[in-house]
Amino acid sequence: MIDLILRGGTVHDGLGSAPETADVAISGSRVVAVGPGLSGARRELDVAGLIVAPGFVDAHAHSDLVPLMDEPQPFKLLQGVTTEINGNCGYSYAPDASRLEELTGVSVPDWTFAAYLSAVAVAGPSNHVATLVGHSTLRGAVAGFAPELAEGDLDRMCELAADAFEAGACGLSSGLIYPPGSYAGTGELVALARVAHRYGVPYTTHLRDEGAAVGEALDEAIEIARRARVRLQVSHCKVAGRPNHGRASLLLDRLRAARAAGVDVRGDQYPYLAGATVLAALLPPSALAGGRLREVLASPFERLRLRSLAEAGGTGSGLWGDAVPAGILVTSHADASFTGRTLAAIAGERDPWEVACDLVAADPAAQMVIEMMAEEDVAEIMADPLIGIGSDNGPPTGLEHPRTWGCFPRFLGSYVRERGVVGWAEAVRKMTSATADQFGLRGRGWLGAGAYADVCVFDPATVGHTGTYTDPSARPTGIVHVLLEGRVVVESGEFTGGRHGRVLRP
């Protein structure tokens, strides 16, 4: 007896194939058949007129601690996302992430990677999660915020990376604009990526520069992948900063050339013109060297030196030159009076640079949304088949970027239905198999007999998200049903409750 049939939907297999009107039969955790006229199920859901797709796979998430929250968190399921890749941008919460607390603002136990995954599994995630081990976390565990490694430190980092891969880490991530990862040279990253190669997992990177020096930063990432013989995932592909608008082809040309030369490279992107990160990212990374940020910012001389670096632009300058004060929105701060206001509004008649330094000194873990991209570049990057979708979300609390609650529905509504940047079949592929394949998630990201029954059913006429930077947490529209290994976890747009996700290992 079949457990469930999804009856009469427009089925997309996640591989980019033409859709077909068909039924989808599910027994237990697996799809058992796709075709017309299936029968003999305990339950049926009529999905005529709706798109039936594999559950979406978020290539770039920061939900590492969300499963440990007191209540189930369905914010990704309500977007159709059934699996998230966490541990991005060089920051995982193991091994021994305690030495990075000043920058992350989060105190966690001194977990091994295995203990972290065990804690997530015991707590129970609301959707499936896979987790990368972060280069900055490995570096911090061994050397803190020291710019230079001591003898034997890199060997110890490689040992910790191997332990993480043995425990089930799905790859290695780096965030090369953030200290302490930004202090690493190319050789250090190659050494760690070679450990990833032994386990057949990819290297993902927040490039060393996403603005004026994005070409050189891509060259470095490609060199690391080539020398280590690993798959390469370029995180949140963009050309940032007003002076760099119109340069999307530079990024795409390098990705295509690298792939033609034999490097298995792909990227991900969120469908917005603004990013979100720590406010401290406005400053050159050298400001955090040695873990002395507050001491550095207390010195007028140091502020002047940092300003010169920031205004010079290029690698190591931070994000100051990529935005204007009116495009920098403070989204969290220890002093709540600053939250929800732009840097321009907070500064008033004062020097915005000095005010930014004051804000960071008062709360090094403060967060911001920062407008950096051009619509034409976003659309050009999105249209390329090498680019999948990753939300780059934060936790579903407070004034987070709207991508946290609406990335995937916004992509489908604003860029697929309304603007036609890509068609529906390609859009589904970008959200499913393109990412599942990259991270070794066998049986997921496609819809056919034998696949795990992670499924999203959505209405192409209504899917979307109305969240804004100042009102981000609106509920998505048009996500009708979501299944997690055969269990209906969203029905008629409503979360059915419970924690039914699993920790996935490659």
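One table, with the values for the structure above:
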read-out	value
Verdict on Ala312 being more than 30 Å from Ala150 (Cα to Cα), under 24 Å from the mean Cα position of the chain (by Cα) and among the small types (Gly, Ala, Ser)	no
Matching residues, the stretch 417-455, being touching a residue at least 24 places away in the same chain (Cβ under 8 Å), farther than 29 Å from Ala169 by Cβ and either open to solvent by less than 40 Å² (accessible area, probe 1.4 Å) or not in a loop (DSSP other than H, G, I, E, B) (or both)	Arg417, Val421, Val422, Trp424, Ala425, Glu426
Test: residue in the stretch 58-74 that is closer than 26 Å to Leu412 by Cβ, in a strand (DSSP E or B) and touching a Leu at 6+ places or on another chain (Cβ under 7 Å)	no
Test: residue in the stretch 236-251 that is within 22 Å of Ala436 (Cα to Cα), out of contact with any strand residue (DSSP E or B) (no Cβ under 6 Å at 6 or more places or on another chain) and free of Cβ contacts under 8 Å to residues at least 40 places away in the same chain	no
Residue within the stretch 107-114 that is touching a residue at least 60 places away in the same chain (Cβ under 8 Å), open to solvent by less than 30 Å² (accessible area, probe 1.4 Å), of a type in the set (A, V, I, L, M, F, W, C) and closer than 30 Å to Leu483 by Cα present	no
Yes/no for Asp322 being modelled with pLDDT under 95 and either surrounded by 15 or more Cβ atoms within 10 Å (Cβ to Cβ) or under 23 Å from the mean Cα position of the chain (by Cα) (or both)	yes
Some residue of the stretch 47-69 being acidic (Asp, Glu) and either open to solvent by less than 10 Å² (accessible area, probe 1.4 Å) or touching a Pro at 6+ places or on another chain (Cβ under 6 Å) (or both)	yes
Pairs, first closer than 28 Å to Leu138 by Cα and without any contact (Cβ under 8 Å) to a residue 24 or more places away in the chain in the stretch 72-99, second among the β-branched types (Val, Ile, Thr) and in a loop (DSSP other than H, G, I, E, B), C-beta under 7 Å, six or more apart	Ser98/Val108
Subset of the stretch 263-302 (residues that are aliphatic (A, V, I, L, M), more than 19 Å from the chain's Cα centre (by Cα) and surrounded by fewer than 20 Cβ atoms within 10 Å (Cβ to Cβ))	Val263, Ala289, Ala298
Any hit, the stretch 83-90, residues being of a type in the set (A, V, I, L, M), at pLDDT 95 or above, assigned to a loop (DSSP other than H, G, I, E, B) and closer than 15 Å to Val120 by Cβ	no
Given (1) open to solvent by 10 Å² or more (accessible area, probe 1.4 Å); (2) of a type in the set (A, V, I, L, M, F, W, C); (3) in a loop (DSSP other than H, G, I, E, B), number of the condition Ile222 does not satisfy	(3)
The listed residue being surrounded by fewer than 23 Cβ atoms within 10 Å (Cβ to Cβ) and closer than 18 Å to Leu273 by Cβ, out of Gly390, Gly394, Gly348, Gly340	Gly394
So Leu45, is it aliphatic (A, V, I, L, M), part of a loop (DSSP other than H, G, I, E, B) and touching a residue at least 12 places away in the same chain (Cβ under 8 Å)	no
Residue check, Val201 part of a helix (DSSP H, G or I) and either open to solvent by 20 Å² or more (accessible area, probe 1.4 Å) or at pLDDT 95 or above (or both)	no
Every residue from the stretch 139-184 that is within 16 Å of His206 (Cα to Cα), of a type in the set (A, V, I, L, M) and modelled with pLDDT of 95 or more	Leu172, Leu176, Ala184
Flag if Ile370 is over 27 Å from Ala280 (Cβ atoms) and buried (at least 19 other Cβ atoms within 10 Å of the Cβ)	no
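To keep it simple, each residue is scored yes or no on (1) farther than 30 Å from Glu311 by Cα; (2) not in a helix (DSSP H, G or I).
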position: Ala361; (1), (2): no, no
position: Val378; (1), (2): no, no
position: Ser391; (1), (2): no, yes
position: Gly398; (1), (2): yes, yes
position: His401; (1), (2): no, yes
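The values are calculated or read from the model by the stated rules, or taken from the named source; none is laboratory data. Everything quoted here is computed from the prediction, not taken from an experiment. Virtual Cβ from ideal backbone geometry, glycine too; neighbours counted across all protein chains shown. Quick note on the areas: whole protein, heavy atoms, side chains included, nothing else; ligands and nucleic acids left out. Shrake-Rupley method; radii C 1.70, N 1.55, O 1.52, S 1.80 Å.
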